[in-house]
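Structure, as structure tokens:
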Amino acid sequence: MHTFKSHFPAPSGSATGYDTLVVGAGFAGSVMAERLASQAGQRVLVVDKRPHIGGNAHDRHDESGLLIHPYGPHIFHTNSADVFAYLSQFTAWRPYQHRVLCSVDGQLLPMPINLDTVNRLYGLQLSAFDMEGFLAGVAEKVDQVRSSEDVVVSRVGRDLYEKFFRGYTRKQWGLDPSELDASVTARVPTRTSRDDRYFTDTYQAMPLHGYTRMFERMLAHPNIHVMLGTDYRDIVHVMPWKHMVYTGPIDAFFEHRHGQLPYRSLHFEHVTVQPPAGQAHVQPVGTVNHPNDHLYTRVTEFKHLTGQRHEASSLVYEYPRAHGDPYYPVPRAENTQLYRRYEADAEELSDVTFIGRLASYKYYNMDQVVAQALSTFKRLAQR
């Protein structure tokens, strides 16, 4: 058990205990801790099992001095002016619009599927007006959209589904899209224009000096104390506290009393390489998807995201796994039902608040977690 570096001093009067114990130093926990300390004047203890703050959004410099995301690429985008303004208190921003190419039939084609994707794949010269008719012509009629497969084939037809979606989804989830909830692929748009941005949100930017620096500033309030490399269960009966904010897996909190909620995990392989002579990058865009070849799903080159200038470049290869750190809740009806049982248990507890991706068993983007934490703080403050 060890505490964080000295720039997170123990709050004055900590001998009398803490108002709130926050479990987890990712987005949900850090935003809650900052609001409780700065707006409600509370003494807050933040505890995390990992040796660092920032949760999966943690970033650091590798041995070569390249800024990397150890837990895979985290690209910030939001339509919420409130969320963007809130985080802007703790970081300056670097404008960045993420682009993704998909390796299909020997070509690197824009993803999400757009006008250029279809024209280059099939050797056509469709206009944006023609594209709607083309998609309508290949789309398969589905009476009732139930699965991820239904979502895609009803929108872009069987061939584009097989080339761009099916293999990727099977690798990512270990299940065929026909076995997965419609929500998995409903997130991926299809465009009739040439817009090749992966996201179309109003605010698209990366923290100028990285996520970890942003989290450090968020947690620097003198009323916040951070303990890292610490399982909260080791200190929960030792440290006095009045209320708990829990951001870990909800089933683990209740010791899996109803059974284990399934997650997909990821294995990351980071490599440092030299770009070709005279070039700054190895890949033409931030991320290249590999739906049909290789065991990995995608490769991301961090310098695109960070804007860092460096003679070398760092890439991460993502390999989906059935076991490991919990990353993605598996969206199936029976899992939602199991989560509802834990949710009912959580609602019985007046001294614990459950927030974040793992505690809510939902695939939230970073901005959605921040929004959830801000609204949860307002509710608690009113109480």
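Which pairs do you get when a residue that is closer than 18 Å to ASP195 by Cβ, found in the range 121-140, comes within reach of a residue that is among the small types (Gly, Ala, Ser), reach meaning Cβ atoms under 9 angstrom, with the pair 6+ apart or on two chains?
LEU126/GLY133; ALA128/SER193; MET131/SER193; LEU135/GLY157
Yes or no: ARG321 more than 19 Å from the chain's Cα centre (by Cα), more than 26 Å from LEU208 (Cβ to Cβ) and either touching a residue at least 24 places away in the same chain (Cβ under 8 Å) or surrounded by 16 or more Cβ atoms within 10 Å (Cβ to Cβ) (or both)?
No, not satisfied.
Just to confirm my filter: which helices (runs of 4 or more DSSP H) fall fully inside the range 92-189 and include at least 1 residues that are surrounded by 17 or more Cβ atoms within 10 Å (Cβ to Cβ) and not β-branched (Val, Ile, Thr)?
By residue number, 115-122, 128-138, 148-160, 167-173.
Which one of the conditions (1) touching a residue at least 24 places away in the same chain (Cβ under 8 Å); (2) under 28 Å from ASP367 (Cβ atoms) does ASP105 fail to meet, given that it meets all the rest?
Among (1) touching a residue at least 24 places away in the same chain (Cβ under 8 Å); (2) under 28 Å from ASP367 (Cβ atoms), ASP105 violates only (2).
I want to confirm something. Restricting to the range 191-237 and keeping residues that are β-branched (Val, Ile, Thr) and either outside any loop (DSSP other than H, G, I, E, B) or not assigned by TED's automatic domain parsing to the domain that holds ALA37 (or both), which single residue is nearest to ARG35 (Cα to Cα)?
ILE224
From the set of residues in the range 238-276 that are outside any strand (DSSP E or B) and of a type in the set (Asp, Glu), which is surrounded by the fewest Cβ atoms within 10 Å (Cβ to Cβ)?
Filtering first and then ranking leaves GLU255.
So that you can scan it fast, the table gives a plain yes or no per residue for (1) farther than 30 Å from VAL282 by Cβ; (2) among the polar types (S, T, N, Q):
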site: LEU66; (1), (2): no, no
site: THR78; (1), (2): no, yes
site: LEU101; (1), (2): no, no
site: GLN107; (1), (2): no, yes
site: ARG120; (1), (2): no, no
site: MET131; (1), (2): yes, no
site: ALA136; (1), (2): yes, no
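I need the full set of residues from the range 339-376 which are out of contact with any helix residue (DSSP H, G or I) (no Cβ under 6 Å at 6 or more places or on another chain), farther than 26 Å from GLN39 by Cα and either buried (at least 18 other Cβ atoms within 10 Å of the Cβ) or among the hydroxyl-bearing types (Ser, Thr, Tyr) (or both), in order please.
Result: TYR339, TYR363.
Within the range 277-294, can one find any residue that is farther than 21 Å from TYR263 by Cα, outside any loop (DSSP other than H, G, I, E, B) and of a type in the set (Gly, Ala, Ser)?
no
Could you tell me whether the range 292-301 includes any residue that is at pLDDT 95 or above, over 25 Å from SER183 (Cα atoms), within 20 Å of the chain's Cα centre (by Cα) and not polar (S, T, N, Q)?
Yes, some residue in the range 292-301 is at pLDDT 95 or above, over 25 Å from SER183 (Cα atoms), within 20 Å of the chain's Cα centre (by Cα) and not polar (S, T, N, Q).
Find the residue count for the range 343-376, including only residues that are in a helix (DSSP H, G or I) and within 20 Å of SER183 (Cα to Cα).
So the count comes out to 9.
So which residues in the range 80-91 are in contact (Cβ under 8 Å) with a residue 24 or more places away in the chain and assigned to a helix (DSSP H, G or I)?
Hits for the range 80-91 are ALA81, ASP82, VAL83, PHE84, TYR86, LEU87.
Tell me which residues, restricted to the range 167-185, are of a type in the set (A, V, I, L, M) and within 15 Å of VAL151 (Cα to Cα).
LEU180, ALA182, VAL184
Can you tell me which residues in the range 91-102 are in contact with a strand residue (DSSP E or B) (Cβ under 6 Å, 6 or more places away or on another chain) and of a type outside the set (A, V, I, L, M, F, W, C)?
THR91, ARG94, PRO95, TYR96, GLN97, listed by residue number.
Name the residues in the range 231-266 that are over 15 Å from ASP325 (Cβ atoms) and of a type in the set (Phe, Trp, Tyr), would you?
TYR232, TRP241, TYR246, PHE253, PHE254
Only one of GLU179, GLU149 is closer than 30 Å to PHE268 by Cβ, in contact with a Pro (Cβ under 8 Å, 6 or more places away or on another chain) and modelled with pLDDT under 95. Can you tell me which?
GLU149
Taking the range 324-370 as the search range and keeping residues that are touching a residue at least 60 places away in the same chain (Cβ under 8 Å) and of a type in the set (D, E, K, R), which one is farthest from ALA28 (Cα to Cα)?
Ranking the qualifying residues of the range 324-370, first place goes to ARG332.
The values are calculated or read from the model by the stated rules, or taken from the named source; none is laboratory data. Bear in mind that the values here come from a model prediction, so they are computed numbers and not experimental data. Quick reminder, even Gly has a Cβ in these numbers, built from the backbone with ideal geometry, and neighbours come from all protein chains shown.
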